[in-house]
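The values are calculated or read from the model by the stated rules, or taken from the named source; none is laboratory data. These figures come from a predicted structure and were not determined experimentally. Note that we place each Cβ from the backbone using ideal geometry, even for glycine, and neighbour counts take in every protein chain shown.
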């Protein structure tokens, strides 16, 4: 059976029981697969969650200096990465990690309205804000800030990148009730986490997701061949609002 992926929250796949499904995604068409499977610089991290019980996958990221852990749902249908900050208070839910505390980070700064990618200026007249509603009815409001982000735990030694992030001041519906702290959008925007990670030391603009019945893995810059004994075909994905690939499986 062939399934079409046109994904909003996590990748929705029917997974085979014996083996995970690996779908490497690239934004640069025409590269030979073998050129992308062995890279000198790849940032990797473990995915938590599953399709059947939780219906989502999330990854840990370290934000700020020193790093503060935030768990974020991997979302291929949006471009913003955001989570609650301390000032959200009772307007945000209780999640796996404590809210991000801007005062504890020496590299933190608020994004100003005058900056080129700001589309919404808050009532305070100086800070860039956001208000996003997702297709199932949940929503988030907050303020943009810039700080350094590192994929996974510090022990992995992944690279750190300055990036725009969202600081929730209000959550509704699923965002209020979910266990992970926030969301990581892998969609296309010129200010997003994906662009920042690809602008670092990585040699290829490749995102790889390995999804199994019990967690998985994600990588920027390539993928680890040990994830699966199968030959994983590389699928080129053009620029657009969503990723979509055809897959076959049980």
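Once segment 223-250 is narrowed to residues that are farther than 23 Å from residue 77 by Cβ and assigned to a loop (DSSP other than H, G, I, E, B), the residue that is modelled with the lowest pLDDT is 250. Any idea which of 130, 134 is farther than 25 Å from residue 53 by Cα and in contact (Cβ under 8 Å) with a residue 40 or more places away in the chain? The conditions single out 130. Taking the numbered list (1) at pLDDT 80 or above; (2) part of a helix (DSSP H, G or I) in turn, residue 165 passes all entries but (2). Here residue 35 clears all of (1) modelled with pLDDT under 85; (2) touching a strand residue (DSSP E or B) at 6+ places or on another chain (Cβ under 9 Å); (3) under 29 Å from residue 154 (Cα atoms) except the condition numbered (2). Annotation: of all residues in segment 147-163 being in contact with a helix residue (DSSP H, G or I) (Cβ under 9 Å, 6 or more places away or on another chain) and free of Cβ contacts under 8 Å to residues at least 60 places away in the same chain, the one that is farthest from residue 103 (Cα to Cα) is 161. Name every residue in segment 73-93 that is over 17 Å from residue 110 (Cα atoms) and in contact with a helix residue (DSSP H, G or I) (Cβ under 9 Å, 6 or more places away or on another chain), in order of residue number. Across segment 73-93, the qualifying residues are 79, 91, 92, 93. Select from segment 39-64 the residues that are assigned to a loop (DSSP other than H, G, I, E, B) and in contact with a strand residue (DSSP E or B) (Cβ under 6 Å, 6 or more places away or on another chain) and write down the one among them that is modelled with the highest pLDDT. So, considering only residues that are assigned to a loop (DSSP other than H, G, I, E, B) and in contact with a strand residue (DSSP E or B) (Cβ under 6 Å, 6 or more places away or on another chain), the one modelled with the highest pLDDT is 64.
Of the strands (runs of 3 or more DSSP E) entirely within segment 76-160, those holding at least 3 residues that are in contact with a strand residue (DSSP E or B) (Cβ under 7 Å, 6 or more places away or on another chain), at pLDDT 95 or above and crowded, with 18+ Cβ neighbours inside 10 Å occupy 81-84, 139-151.
Here is a yes/no grid of residues against (1) at pLDDT below 75; (2) under 19 Å from residue 133 (Cα atoms):
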{"residue": "170", "(1), (2)": "no, yes"}
{"residue": "173", "(1), (2)": "no, yes"}
{"residue": "188", "(1), (2)": "yes, yes"}
{"residue": "194", "(1), (2)": "no, no"}
{"residue": "199", "(1), (2)": "yes, no"}
